[in-house]
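Some notes on the structure that comes next.
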Amino acid sequence: MRSDNAILQSADAAVAAAPKARGAAAWRLRALLARAWPPVLFFVLLTACWEAMAVWLHSPLVPGCGAIVRELVEIVRSGFAFTEIGVTFLRMSLGFLLALLFALPVGILTAVSRNAERFFEPGVILGLTVPGLVWALLCVIWFGVSLASPVVAVALGVLPAMVISVHQGVRSLEQERVEMVRIFRLPPALVLRKVWLPLLYSFIVSGCRIGFSIAWKVIVLVEIFGMSDGVGYQLNSKFSTQDVEGVIAWTLAFWIAMLAVEHGIFRPLEVHANRWKRGNAR
């Protein structure tokens, strides 16, 4: 009798939990649709406008969406897109690491020392105002067709933005924590590893997201001028033959890869880095 009652209670609990589970699933579906429909609508309108322009002009310089999609499918199906995008991402990643290696100490130093800030300020402003084209040309002249050209060019283009992000992160820290570091005279390496890096995590992620968009523009220019592979080289190759479908297809392929990095790497890192803010809010 007791076992029968337990079975009935379990069945009642399962029946009561079913509507709640369905309600939670429906809420998640509505939230997903609410986030997804604005960008989907944007791309539908953009595609429709482009197709209308292609039909109206009827020019090989403005290909239709069908020709662009066929070219994109071809470079993806052959695996060529993955190879070339992988080469470009490798160069960008190395340039990022090099920039981060210099941005951390310079950003921290300019935030804690007024003299250091005045010393590095002209260089940061210069780096922000110099176009990526200049860095690309100079690095190709200096280093030729080698891995150093794209890596150094990306580092020079990204470095000012990352220095500013680190600088702002340190300035946002509590003054008591800075004073504690000064009073106890901890080793610089220990302070960097145990104090600055954990606290600057979210600012570094934000700086990397900004730098990523800058690096794309720089790396393409370097690959156009001085490389024999990569997305920039493929864009230049299609441009030389007036292959507009190819230019747009390679641009879309790299854009899709950038979206994958944004939503697969940077967005989760940003959520993880800012989790302490939600904890404080609760």
Spot the failing condition for Val191; the list is (1) over 20 Å from the mean Cα position of the chain (by Cα); (2) under 19 Å from Arg91 (Cβ atoms), and only one is missed.
-> (2)
For Val73, state whether it is closer than 30 Å to Ile256 by Cβ, at pLDDT 70 or above and part of a loop (DSSP other than H, G, I, E, B).
-> no
Scan of region 246-266 for residues that are open to solvent by 50 Å² or more (accessible area, probe 1.4 Å) and farther than 21 Å from Ala136 by Cβ, ordered by number = Leu252, Ile256, Leu259, Ala260, His263, Gly264, Ile265
Could you list, in sequence order, the residues of region 226-255 that are aliphatic (A, V, I, L, M) and without any contact (Cβ under 8 Å) to a residue 60 or more places away in the chain?
-> Leu235, Val247
Filter region 42-75 down to residues that are open to solvent by 60 Å² or more (accessible area, probe 1.4 Å) and closer than 30 Å to Leu147 by Cβ, then give me how many there are.
-> 1
Only listed residue being open to solvent by less than 40 Å² (accessible area, probe 1.4 Å) and either in a helix (DSSP H, G or I) or more than 18 Å from Gln168 (Cα to Cα) (or both), chosen from Ile85, Ile125 = Ile85
Residue list for region 131-144, filter: open to solvent by less than 80 Å² (accessible area, probe 1.4 Å) and either in contact (Cβ under 8 Å) with a residue 12 or more places away in the chain or in a helix (DSSP H, G or I) (or both) | Gly132, Leu133, Val134, Trp135, Ala136, Leu137, Leu138, Cys139, Val140, Gly144
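The values are calculated or read from the model by the stated rules, or taken from the named source; none is laboratory data. Please read these numbers as outputs of a predicted model, since none were measured by experiment. A quick note on method: Cβ atoms are made from the backbone with ideal geometry, for glycine too, and the neighbour counts reach across all protein chains shown. Keep in mind that these areas ignore ligands, DNA and RNA; they rest on the heavy atoms of the full protein, side chains included. Shrake-Rupley method; radii C 1.70, N 1.55, O 1.52, S 1.80 Å.
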